[in-house]
Structure formats: structure tokens, C-alpha cells
1. HIS243 to ILE33: extension gain in nm, 0.36 nm per residue of separation minus the Cα-Cα distance?
2. Quick one: net charge around LEU125, please, counting Lys, Arg +1 and Asp, Glu -1 for every other residue with C-beta under 13 Å from its C-beta.
3. Which semi-axis lengths, in whole Å and largest first, follow from the square roots of five times the eigenvalues of the Cα gyration tensor of segment 200-332?
4. Considering the options THR164, ALA246, GLY82, tell which one lies farthest towards the positive end of the dipole of the chain, charges being +1 on Lys and Arg and -1 on Asp and Glu at the Cβ, about the Cα centre.
5. What FRET efficiency would be calculated for the residue pair ALA206, LYS59, taking the C-beta separation as r and a Förster radius of 56 Å, to the nearest 0.05?
6. Report the calculated FRET efficiency for LEU301 and ILE149 (r = Cβ-Cβ distance, R0 = 30 Å), to the nearest 0.05.
7. What FRET efficiency comes out for the pair LYS121/SER270, r = Cβ-Cβ distance, R0 = 35 Å, nearest 0.05?
8. Lys/Arg Cβ at +1, Asp/Glu Cβ at -1, dipole of the chain taken about the Cα centre: which of ILE144, LEU173, TYR352 is farthest positive-ward?
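Values in this text are rule-based calculations from the coordinates and carry no lab data. For clarity, every value in this text was computed on a predicted model and none was experimentally measured. Neighbour counts are summed over all protein chains in view; Cβ atoms, including those assigned to glycine, are modelled from backbone coordinates with ideal geometry.
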Amino acid sequence: MSKNISVGIDIGTYHIRVAVSERTKENPTPKIIGKGYTESRGMRHGYIVNVSDVSRSLKRAMEQAEKTSGIKIKEAVISIGGVSLESIKSIGATMISRGDNEVTDLDVKNATEASERALPKGSILNRKILTSIPIVYKIDGKEILGRPIGMKGVRFEVETLFVTCLEQHLNDLIQAVEDVGVRVQDVHASPLVASLVTLTKSQKIAGCVLANIGSETVSIVVFENDIPLSLKVFPVGANSITHDIALGLQVPLDEAEQIKLGGITGADYSRKKLEDIVVKRITDIFELINAHLKEINKDGLLPAGIIITGGGSGIATVEDIAKATLKLPSRIASLYFNGGNYIQDSTWAVCYGLCIIGHTGETGDFSAINNTKNTLANWFKKFMP
């Protein structure tokens, strides 16, 4: 494929999305020129249970994207999400290596590697580190604001956020994509990718939480001072609301899904009962999010509030329930893409973010494909304190 073409593949539990984007000298902002969309098969809670079923579903989505774009898809950047995605923090330190005690890139590298070695063995057993993000630097015990390179001291320390996933899930995902003849350029954590096109720099500096309500999982990433502080995935999603409606109103699942999205309004059921069912389940979801914010001491302390994406963001009352439960500002995400245009359908956030990453041309010194770590060099530089 042309170096001006980038393809993003987002394989979710309920849907698979493929986007083809183009960047030219005349228009350096990536533009979507083709999309493909199909129902997923062979997925559960964001991980693959049947590789062949996923490959067949992906093939259908790819054919749509190839037809609308006129491009034969040969390689792509892909995302990974699901319940196996986790983040963990660790601290590493090193003595500053230069004789004049000036911090260099080598010291940053050594301290980051030390923070990885300090990870509890049980926390990375059977897991792959996808991304490592430095979130706090210290020199001689004092926190550094800004870049540490060039500053002087004796002992250099870094606190690093590691984003990991189960290695088996990563391997299955790569196999499913490669089985349809597509080379995987790199793999990135879905919540971080989505933040590229759903959050503004001012929101990330002030402090916010991005929540993606998928069909079977809810993923969140918390930002402050333009740095991702935490990532978490919960094994509950919009399908739980559908199931509750089906049981509570005693209707088939297909009808319950339409009722949830407001597609059926004149049916013979109690509106009050429906509202109680939906509100209870959505409240439960946001209480899980709030409990995590309490764990990291950020509950009620994120001025930019919660930004909601994913299929579950289409439920009418979700924004108000988030605001009431979390005591934070709340809004449904829009996508900032295609030359500055806002797109209301945030379910494409991950796919569009992957296209942007593909156009940067760099994924850093570490690659999930090469069985090491992926730092998204150009992108994550803006997260450094």
C-alpha cells in the first residue's frame, strides 16, 4: 500500500470496524476514504474464543472497506481491548551516569527499565507489556516538572505506567488478522487509541475520564496533566442492560435491544418499569467507575469530567446518570477527524485513532509485534511530565 494510506482495524465483541485513511501533501490531515462494518463472531468480553469465526467476520468488513476506498488492504494497525487489558504502576531508579551529574536519555532508559524489573512477577505472568508511559520523574527525591534531560543531580527516579494484556489474547488477535492476508503493523490498547480523537489537550490537562461502554465491557482511561494515570476494564457492558430489559419486561432479546435504543416506543410495557431497569444497570456501571476513581484518589476531582463513547453512549439517559453518580461534568464524545470536522458517532473512535497512529510512521523502539513493548514514540511524548 502507499505510504500515504493507513488502515485501522477495531475488532470488538459486537462489531468489527475497518477504516482506510489517506494523507496527502495538499491535505496532511488524514481523511477517511473507505469504511467497513460487520457483526463480530467468535468474541467474548473483548477476547477471541474462535479465531476462524473472527477472521471470517473481519473478511466481510475488509471487503466493504476495500470496495468503498478502492484500496487493497495489505497491512493495518490494530487495537486490543477486553477484560485482559490492565495497567500497573512501578517505580525504578538509577544513579545518574555522567560525571557532571547531568541527566541524559540513557538515565531515563535505565530508570524505566528498572521500573519494569520492579514489577511483581505475578502481575506480568502470561502477560505482554503493550505500552510503558513515564508519569512522574524525580531527581534526588524531588518531583520534576517538565523534561528532566539536562537537569543535574545524583539519583534519578521514574514512576511508569505499564499497560498489559494476556499474551494468548494478543497472539490470537494477530493470528485472526493475518489469516485474512493482512500484515499487522502494530497493536495498541483501545482506550488510549480512542483518546486521540475524543479528548482535547485542555481536557487531558485539567483531568478527565474517558469511558467506552461496549457491548460486554466498559473500559476507562483517566488523564491528568496531559498524562494517562490509569486504565481499567470492567466485565459488564450495554448487553447487560438488554438482558435486564428482556427479563424485566419479558420480551425477546432483539426487541429488548430495540427498546433500549428507543427504536420501539409504542409497545405494551410500563415506561416507568423500563426506566427503572435502565437507570439501575447504568448506575451500577458508573458506580464501578467511581469506585476505581476512589482507588486512585481522583473521585470528584476531574474538572473536565467524564466523556462517554461506545455503543452504550447512545442510550438516552446515560449522560445524566453519569453526572449524578460521579458528581462530575458529563458529555457524549464527538470525534475530531477528517480535517477538523466533528463526527457524532463515537463508536468509530478506536478505528480513527488507529489510522492516525498509522500515519505517524513510527511506533517507537518497542513493538508488540516484536514481542517487546510499544511506546508510540511520537504520540506519547506529549504525555511526558
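1. Residue separation times 0.36 nm, minus the Cα-Cα distance, leaves 71.9 nm.
2. Computed value for this residue: +1.
3. 30, 13, 12
4. Of the listed residues, the answer is THR164.
5. E(calc), rounded to 0.05, equals 0.85.
6. The value I calculate is 0.50.
7. E(calc), rounded to 0.05, equals 0.05.
8. Checked the options; the winner is ILE144.
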